[in-house]
Each structure stands twice: as structure tokens, then as C-alpha cells.
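Right, one structure below, let's go through it.
The values are calculated or read from the model by the stated rules, or taken from the named source; none is laboratory data. Treat the numbers as computed from the prediction; the structure is a model and nothing was measured. We place every Cβ from the backbone using ideal geometry, glycine too, and count neighbours over all the protein chains shown. The area values use the complete protein model at the heavy-atom level, side chains included, leaving out ligands, DNA and RNA. Shrake-Rupley method; radii C 1.70, N 1.55, O 1.52, S 1.80 Å.
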Amino acid sequence: MTAVLFDMDGVILEGPRTHPQVYANAADAALAELEVDPTATQRRDFRDHDHERIQRHCQDLGIDLAEFWDRKEAHASSGTHDRLRSGERGTYDDIDAIHDLGERTTIGLVTNNRHETAEFVADYYEFDFDVVRGRDPTVEGYERRKPDPSYIEEALEAVGITSGIYVGDSEKDVTAGRTAGLETAFLRRSHNRDRSVDATHELESLTDLLSLVDSS
Ligand SMILES: [Mg+2]
């Protein structure tokens, strides 16, 4: 039966992405640990993801980019997990369909979010994913995010399959899934209601997947 791989943000977790405050807090925590005192402009850049700017500021402040990046990613993960545990960020009410699918076929989670958070989500909500892949906590890992297909390709290789459906809520999911050789399913959520995309399938709900997988 058709394997199904899922994006995470906007598919399982409510809202299209990690709240920017999570990264702001994570950058501040990493900078405090590294005992540096950046200017306001530098701090603003550290809170964002432009690694060329961050690299420049790291040089100016005498800290190691890889170390800053790793610490920031770790703090962003724990900040995100706190928000999920407290219910500040919720899940969509159709995610039971993922549990149902998991009883019938190979399922996986492939996200641009951090790998640590992908593992947390799989575990915390008790999904029985056959493979989980999020971005590595490095600049190189950040650069391999979708629309680059490489994390999807790695996941396919890990479970030994070459076909299936990639389900996502953004255009880059459709591009990455297609490039990896999969069918794509674009999931309509409130934040992408009016987007037009060229996916193999369109879903109004994750529940639609159950009949889609049965018929394919
Ligand atoms: Mg998404």
C-alpha cells in the first residue's frame, strides 16, 4: 500500500511555522551562554536565520558560528517543546488520520523543523512513524531544507521505498516531494486557503488521505 510522508508544521502542529519569539529567546539564551554582549543590530540578526550575517557577527564577537548555531537550535527545540506541552501551540483535530494510516501502511515525518523537535512530536503525540527526519542543527543542515528534496530522499532510503505521497501545506513541500519522485498532496489549512499549487492531490483534511490511500 502507498507510503505516506508528512510535513509537520501546518500539517500536525497548528500554524505554518515556529513562532519567531521562540528563536529570539533561543538566540538570547545562546548568546548569554557564550558570554557575549552584541549590539542591538547584531542581536536582531542572531535571532533570525541569515547565517552570513550571523557568521560576520560571530567573527566580530570572537565566537564560533557552529557552536552558536547548535546552542540556538537546542534552545529553540526546548522552547518549542515547552509550548507544545503547555498547549500554547496545539495540533489540528484531524491528526488521528495519521494514526489510522500508520496501522495500514508505511508512514513518515519529514520536516524543515529541527530533528530534535520532529522526534519530540513523534513521541509526545505517540505517532508510530517508520521514519522521522528533521533538519540537522548545523548551518549545512539548515541549507538542506525543502524545497531541497534531500531530507525526503534520506527518509525514503531509510525505509527502503521509492514511491509514495508527500503531504504538506506549502509550495516548497510540493516542489520537494515532486523532486524526490513522489506524488504530492497539498493540504488546505486556514493559512493557505487561497494558495494555488500544482500538486498531485488536494486535501481538505488529513482524513481524505484514508480513501486516497485505499484507492491507490
Ligand atoms: Mg508546513
Scanning region 83-140 residue by residue, the ones that are within 16 Å of the ligand (Cβ to nearest atom), more than 30 Å from Glu52 (Cα to Cα) and charged (D, E, K, R) total 2
Candidates His201, His191, filtered to the one that is touching a residue at least 40 places away in the same chain (Cβ under 8 Å) and not hydroxyl-bearing (Ser, Thr, Tyr): His191
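So, Gly62, is that one small (Gly, Ala, Ser) and within 30 Å of Gly160 (Cα to Cα) or not? I'd like the intermediate steps shown before the answer.
Details: small (Gly, Ala, Ser): yes; within 30 Å of Gly160 (Cα to Cα): no.
In short, no.
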Look at region 120-154 and say how many of its residues are open to solvent by less than 30 Å² (accessible area, probe 1.4 Å) and of a type in the set (Lys, Arg). 2
Among the numbered conditions (1) closer than 17 Å to Arg17 by Cα; (2) in the same structural domain as Val159 (by TED's automatic domain parsing); (3) of a type in the set (Ser, Thr, Tyr), tell me where Ser77 comes up short. (2)
Are any residues in region 183-209 open to solvent by less than 30 Å² (accessible area, probe 1.4 Å) and not in a loop (DSSP other than H, G, I, E, B), and if so, which ones? Thr184, Ala185, Phe186, Leu187, Asn192, Leu203, Leu209
